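Notes follow the structure.
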6 protein chains.
Amino acid sequence: MKATISRKAHFNAAHRLYRKDWSDEKNDAVFGKCNNPNFHGHNYELIVSVTGDIDQETGYVIDMKALKDIIKIEVEDAFDHKNLNVEVPEFAELNPTAENIAVVIYNKIKPRLNPSFDLEITLYETPRNFVIYSGE
Amino acid sequence: MKATISRKAHFNAAHRLYRKDWSDEKNDAVFGKCNNPNFHGHNYELIVSVTGDIDQETGYVIDMKALKDIIKIEVEDAFDHKNLNVEVPEFAELNPTAENIAVVIYNKIKPRLNPSFDLEITLYETPRNFVIYSGE
Amino acid sequence: MKATISRKAHFNAAHRLYRKDWSDEKNDAVFGKCNNPNFHGHNYELIVSVTGDIDQETGYVIDMKALKDIIKIEVEDAFDHKNLNVEVPEFAELNPTAENIAVVIYNKIKPRLNPSFDLEITLYETPRNFVIYSGE
Amino acid sequence: MKATISRKAHFNAAHRLYRKDWSDEKNDAVFGKCNNPNFHGHNYELIVSVTGDIDQETGYVIDMKALKDIIKIEVEDAFDHKNLNVEVPEFAELNPTAENIAVVIYNKIKPRLNPSFDLEITLYETPRNFVIYSGE
Amino acid sequence: MKATISRKAHFNAAHRLYRKDWSDEKNDAVFGKCNNPNFHGHNYELIVSVTGDIDQETGYVIDMKALKDIIKIEVEDAFDHKNLNVEVPEFAELNPTAENIAVVIYNKIKPRLNPSFDLEITLYETPRNFVIYSGE
Amino acid sequence: MKATISRKAHFNAAHRLYRKDWSDEKNDAVFGKCNNPNFHGHNYELIVSVTGDIDQETGYVIDMKALKDIIKIEVEDAFDHKNLNVEVPEFAELNPTAENIAVVIYNKIKPRLNPSFDLEITLYETPRNFVIYSGE
C-alpha cells in the first residue's frame with residue numbers, strides 16, 4: 001500500500017528576477033516589477049510530499065520527524081532570511097523564479113530520501129501563486 | 001523539466017440548480033434546496049493550474065501576469081456578480097453545478113493557452129466542497 | 001473571570017443591494033455591480049462571539065452546543081440557500097449589506113442569550129471583506 | 001467527462017502510536033512523544049475525493065449530500081470524540097498513524113460508492129502534516 | 001504609541017471534560033461526548049497577543065523571538081502531546097475546557113512579561129470554536 | 001448603530017531591520033538574522049478596519065470600493081515589490097519593523113477617511129506573526 005505524506009514548512013527571503021546577460025530593457029519587459037534591482041521579498045510556504053510504501057511494522061511511509069529535519073537543513077537553514085540572488089549559491093547563475101526554486105529544493109531533498117520514494121515540491125510564492133515540481 | 005503553476009482567483013455569483021425539462025417535484029427531489037427558484041449564491045474560489053516545460057531562459061512555465069489576465073477576461077469579467085443561470089450564456093441550457101462550471105471555465109481558458117500546456121481547474125463552491133476538472 | 005467564546009458558522013445566499021425608493025441611476029451609482037437586478041451571491045462566514053463570566057462549576061461561559069443550536073435556528077435555517085431580498089422578511093425593506101445582515105443576526109441572537117452576556121457578530125461577505133457589529 | 005469532487009469533514013480524537021509487541025524502549029525510539037501511554041489527540045481534517053463521470057442529466061459526479069451522509073456515518077459517527085486505540089475496532093491491532101487512519105477510512109467508504117468511482121483520502125493530522133491514500 | 005503584537009503557536013493534547021465530584025449522569029448531561037472516559041483530543045491553535053508601547057529605539061513592542069521562547073517553555077513544552085487531565089498539574093483539579101486552558105496559559109505567561117504589558121490569549125479548540133481571555 | 005468594516009489587502013517587499021547609528025554588533029544582537037545587510041522579505045497581509053456609524057440610507061459604514069482604492073494608492077502602489085528601506089521614504093530613517101510599518105500605514109490612511117471614523121491596522125509579517133495599531 002502506497003501513501004503520500006506531506007509536511008508544510010516556511011521561509012522568507014528577498015529576491016529579484018532578471019538575467020545578467022539581458023539588457024535592463026529586456027529584463028523590465030519580461031520580469032516587470034519583479035526586476036526591482038533593490039529586491040523585493042516573500043514568505044514562501046513549502047509543502048514537501050513523499051510517496052512510498054507504508055511500512056507494515058510502523059505504519060509510517062517515513063518518520064515525519066526525519067522529514068522535518070531534512071527540510072530544516074536543506075531548505076530553512078539555507079534559504080530563510082536570505083537574499084536568494086546574493087547569498088544562495090544555487091541561484092548565483094539561476095533566476096530565482098518560483099519554478100526554479102522548486103526545482104532546486106527538489107534536487108536538494110531527493111538525494112536525502114530512500115531512492116524508492118517519489119518526491120513532489122509545492123511552493124507558494126504568495127497566497128495566490130504557487131508551483132508544483134516532481135522531477136519530471 | 002515540467003512544472004505546474006497555479007493562480008488563485010475569485011468570483012461571486014447567484015445560481016439555481018434545476019432542469020427546465022423536469023417537473024418541480026423531480027427538481028426538488030434531486031437538487032433539494034439548491035433548486036430555490038429565487039436563487040442562492042456563492043463565493044467561488046478558483047485555482048487555475050497550467051502544466052508545461054520550464055522555459056530555460058526565463059525560468060517561467062508561463063508569465064503569471066499573462067495567466068492572471070486570461071482569468072480576469074474569461075472568468076472574472078464574465079461571471080463575477082452575475083446570475084449564472086440568467087446572465088451567463090454558457091448556462092442558458094446547462095445546469096450550473098460546480099462540475100459544469102469547472103468544465104465551462106476549462107473550455108474558455110484552454111484555447112487561450114499554448115496547446116502544449118495541460119490545464120486543470122479547481123473550483124471551490126464553498127470552503128468545504130470543491131471540484132477538479134482537467135479535460136479528461 | 002470573563003472570557004469570550006466564539007463559534008464559526010456558514011450560510012450561502014443570493015442578494016442584491018439597492019433601495020426601492022431610488023432611481024436605477026442612483027442605485028447604480030451607489031451600489032455598482034452589487035445592484036444586479038438578477039442578484040448575485042456569497043458564502044457568508046459567520047463568527048458569533050459571546051462574552052460573559054466563566055461558570056466556576058462547569059468551566060464554560062456558555063455550552064458551545066447550545067450556542068451552535070441557536071445559530072442553526074436563527075441564522076442557518078433562516079438564511080441558508082435563500083434569496084435574502086425576496087425570502088427573508090427582515091430584508092423586505094432593509095438593504096442586505098454586510099453591515100445590515102450583521103445587525104439583523106445580532107438582533108435575532110441577542111434575545112436568546114442570558115442578558116448578562118455581550119454579543120459580537122463578525123460576518124465575512126467574501127474572504128477579503130468583513131464586518132463586525134456588537135450592538136453599540 | 002470525468003471530474004473529481006471533494007468534501008471536507010472533521011473529527012477529533014485521542015490516540016497513541018505504539019506496537020503492543022514491541023518493548024517500551026523500542027516504541028519510544030520509533031514513536032517518541034507520540035508514544036505517550038496517556039494518549040494525546042488531534043483535530044483531524046478530512047478531504048474525501050471521488051472521481052467519476054459527470055452525469056449528463058444532473059451535472060453531478062455524485063450528489064454531495066449523499067457523500068456527506070456516507071462520511072458522517074462511516075467516519076464522523078465512528079471516530080469523533082473517540083479514543084482511536086481503545087474504542088475504534090479497526091485500530092485494536094493496527095497502529096493509528098495518519099497513514100493507517102487514511103487506509104481505514106478508504107476501506108470504509110469505498111464499498112459505499114459506485115464501483116466505477118475512484119476514491120482518494122486526504123487526512124490532515126495537524127495543519128502542517130497530512131497524508132493521501134488512494135487505494136494503490 | 002501603543003501596538004499589539006501577536007504570535008501564533010500550536011500544541012496537541014488529549015483531554016476529557018468532567019468533574020470528579022459529579023455523578024456520571026450529571027457529567028454526561030453537561031459535557032456529553034466531551035466526557036468520554038477514554039479521552040479525545042485536539043490540535044490547539046494558540047494566539048498570544050501582547051499590548052504595550054512601541055520602543056522608539058528598536059521599533060519593537062517586544063522581541064518576537066523572546067515571546068516565541070516564552071510560549072515554547074510555558075505552553076508547548078508543558079502541554080504538547082500530553083494528556084491534560086492526567087499529566088498537566090494545573091488541570092489536576094480544574095476542568096480543561098477551552099476557557100480554563102486559556103486562563104491557565106494567561107496565568108503562566110503574564111508573570112514572564114514586563115508588568116506594563118497587557119496580555120490576551122486566543123485559543124482555538126477546533127477550527128470552528130475558539131475562546132479569548134485577557135485577565136479581566 | 002456603529003459597525004467596523006474590514007478589507008484585506010496584500011503587498012510583498014524586501015526589508016532589513018537595523019539602526020544606522022548602531023554598531024554592527026549591536027544590530028546583530030538586537031535584530032539577529034533580520035539584520036541581514038542583503039535584505040530578506042515578506043508577503044505582508046494587511047487588514048484595514050474602519051469603525052463608524054452605519055449610514056441609514058445606504059446601509060454602508062463606508063463604500064468598500066472607496067476603501068479598496070485608498071488602500072491601493074496609499075499602500076499597494078507605494079510598498080508592493082519594493083525594498084522598504086531603500087525605496088519607501090517613510091523608512092529612510094525609521095526601522096521597518098512590523099510595528100512601524102503598521103504605524104506608517106495608519107498615518108497614510110487616516111487623513112483619507114472621514115474624521116469621525118476610527119481606524120485600526122492589522123499587519124501580518126508572516127502567517128504566524130502580526131501586529132495591530134489603532135492610533136493610541
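The values are calculated or read from the model by the stated rules, or taken from the named source; none is laboratory data. From a predicted model like this one, the values you see are computed outputs, not experimental measurements. When we count neighbours, we look across all protein chains shown, and the Cβ atoms used for this are built from the backbone with ideal geometry, even at glycine. Note: accessible area is taken over every heavy atom of the protein model, side chains too, but ligands, DNA and RNA are not part of it. Shrake-Rupley method; radii C 1.70, N 1.55, O 1.52, S 1.80 Å.
Note on A:Met1 and D:Ala66: the model spin-label points, each 7 Å out from Cα along the C-beta direction, lie 2.6 nm apart.
For C:Pro89, the distances from its label point to the matching points in the remaining copies are 4.4, 5.0, 5.9, 5.9, 7.5 nm, ordered from shortest, with each point set 7 Å beyond Cα toward Cβ.
When E and D come together, around 1700 square angstrom of accessible surface is lost from both chains combined, probe 1.4 Å. According to a simple spin-label model (label point 7 Å from Cα along Cα-to-Cβ), what is the distance in nm between E:Asp24 and B:Asn114? Spacing of the two 7 Å Cα→Cβ label points: 6.9 nm.
Residues whose amide H comes within less than 5 Å of that of A:Arg16, counting only those at least five positions distant or on another chain, are A:Asn85 (H built at 1.01 Å from N in the peptide plane). All alpha carbon pair distances within the stretch D:1-85 were sorted into 5 Å bins beginning at 0; the resulting P(r) in whole percents reads 3, 13, 17, 14, 12, 11, 9, 8, 6, 4, 2, 0. Per residue of D:61-73, other chain Cβ atoms within 10 Å of the residue Cβ number 2 on average. For the residues E:Ala102, E:Ala13, E:Ala66, a GNM of chain E with alpha-carbon springs under 10 Å puts the largest fluctuation on E:Ala66. The accessible-area ordering, largest first, of the residues B:Ile105, A:Ile73 stands as A:Ile73, B:Ile105, per a 1.4 angstrom probe.
Cross-link list E:Lys72/E:Lys108; C:Lys65/D:Lys65; A:Lys65/E:Lys110; F:Lys72/F:Lys110: which exceed 20 angstrom alpha carbon to alpha carbon?
Cα-Cα > 20 Å for C:Lys65/D:Lys65; A:Lys65/E:Lys110; rest within.
What a 1.4 Å probe finds exposed on the protein assembly as shown is 50% carbon and sulfur by accessible area, rounded to a whole percent.
Chain F holds its axis-closest Cβ, relative to the rotation onto D, at the residue and whole-Å distance F:Pro127, 5. In straight-distance terms, cross-link reach from E:Lys20 covers every one of the lysines whose alpha-carbon lies under 21 Å from its own, apart from those fewer than eight places away in the same chain; here that gives D:Lys82, E:Lys33, E:Lys82. Per residue, the solvent-accessible area of the protein assembly as shown (1.4 Å probe, heavy atoms of protein chains only, all protein chains present) comes to 40 Å².
Place a +1 charge on the Cβ of each Lys and Arg in the stretch B:2-133 and a -1 charge on the Cβ of each Asp and Glu, then give the dipole magnitude about the Cα centre in debye, rounded to the nearest 20. Don't skip to the answer; put the middle values down first.
Details: 16 positive and 21 negative charges, 41 e Å.
In total the dipole reaches around 200 debye.
Here the average projected area of the convex hull drawn through the C-alpha atoms of the stretch B:24-136 stands at 8.3 nm².
Projecting 7 Å from Cα along the Cα-to-Cβ direction, the label point of C:Arg112 sits 2.8, 3.9, 3.9, 4.3, 5.1 nm from its equivalents in the other copies, listed shortest first. The residues of the stretch D:95-109 listed by number as losing at least 20 Å² of accessible area in the complex, against the isolated chain and with a 1.4 Å probe, are D:Thr97, D:Glu99, D:Asn100, D:Val103. Copy-to-copy label distances for F:Glu25, where each label lies 7 Å from Cα along Cα-to-Cβ, are 4.9, 5.2, 7.5, 7.5, 9.0 nm in order of increasing length. Since only D:Pro127, D:Ile101, D:Ile47 are under comparison, the one whose Cα sits farthest along the positive direction of the charge dipole of the stretch D:2-133, derived from C-beta charges on Lys, Arg, Asp and Glu, is D:Pro127.
Partner shielding of E:7-18 amounts to 5, given as the average count of beta-carbon atoms from other chains within 10 Å of each residue beta-carbon.
Dividing the C-alpha radius of gyration of the protein assembly as shown by 2.2 N^0.38 Å, with N its residue count, gives 0.95.
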